[in-house]
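Quick note: the coordinates plus some simple rules give every number you see, no bench work behind them. Remember, it's a predicted structure, so these values are computed and weren't measured experimentally. Neighbour counts run over all protein chains shown; Cβ positions are idealised from the backbone, glycine included.
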Amino acid sequence: MPFETEKPDPTSEYKLIYELSFRYDDKAKFYRGLEYAARIVNAHAYAGVPKENLKMVIVISSGATPLVINNEEYNKRFEADNPNAEVLDKLLAAGVKIVVCGQSMVKQDIVPGQVHTGITLAASRITATSDLLNKGYHIF
């Protein structure tokens, strides 16, 4: 914005946690929470924060968990390609770490080999988030 007077310090490190857990019913449609995650990354880049200074982790659990299923398994379960795969890849390429709750995976019969490439598996959302908070991350 040409009129902005408040800008992030591009020399500072930004350590953000963005949690996604809300359920979505139409699995053929894109999960909107990922759009906001991309906006967080893009807003910081636009404001001049270099990629290496934005440490962002998306923690996925509960009703959002199916969005991490790889395309092959997604097709078997929902008779559609995973509409989230492209944005997941773009977020990963931008340096965003994506973590999925293992307990949510178990509850939804998702095994590690069915998870989209590049996504990290955690024991639980609770431990993933508490560990990140302990490392100085902030929930966004």
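The amide H of Asn70, built 1.01 Å from its N in the peptide plane, has Val115, His116 as neighbours under 5 Å, considering only residues 5 or more places off or on other chains.
For the residue pairs Lys51/Lys135; Lys51/Lys107; Lys7/Lys90; Lys7/Lys51; Lys29/Lys90; Lys15/Lys107, the alpha carbons lie more than 27 Å apart in Lys51/Lys107; Lys15/Lys107.
Report note on the peptides 82-88, 10-16, 31-37: ranked by the mean count of other C-beta atoms within 10 Å, highest first, their order is 82-88, 31-37, 10-16. Restricting to the chain, what percent of DSSP beta bridges are antiparallel, rounded to 5? The antiparallel proportion sits near 5 percent.
Considering helices alone, the calculated mean residue ellipticity of the chain at 222 nm is -10000 deg cm²/dmol, with DSSP H runs of length four and up weighted by -39500 (n - 2.57) and normalised per residue. Computed over the Cα atoms of the range 14-139, the ratio of the radius of gyration to the Kirkwood radius (Rg/Rh) comes to 0.96. Taking amide H atoms as placed 1.01 Å from N in the peptide plane, the amide H of Glu19 lies under 5 Å from those of Val59, Phe140, each 5 or more residues away in sequence or on another chain.
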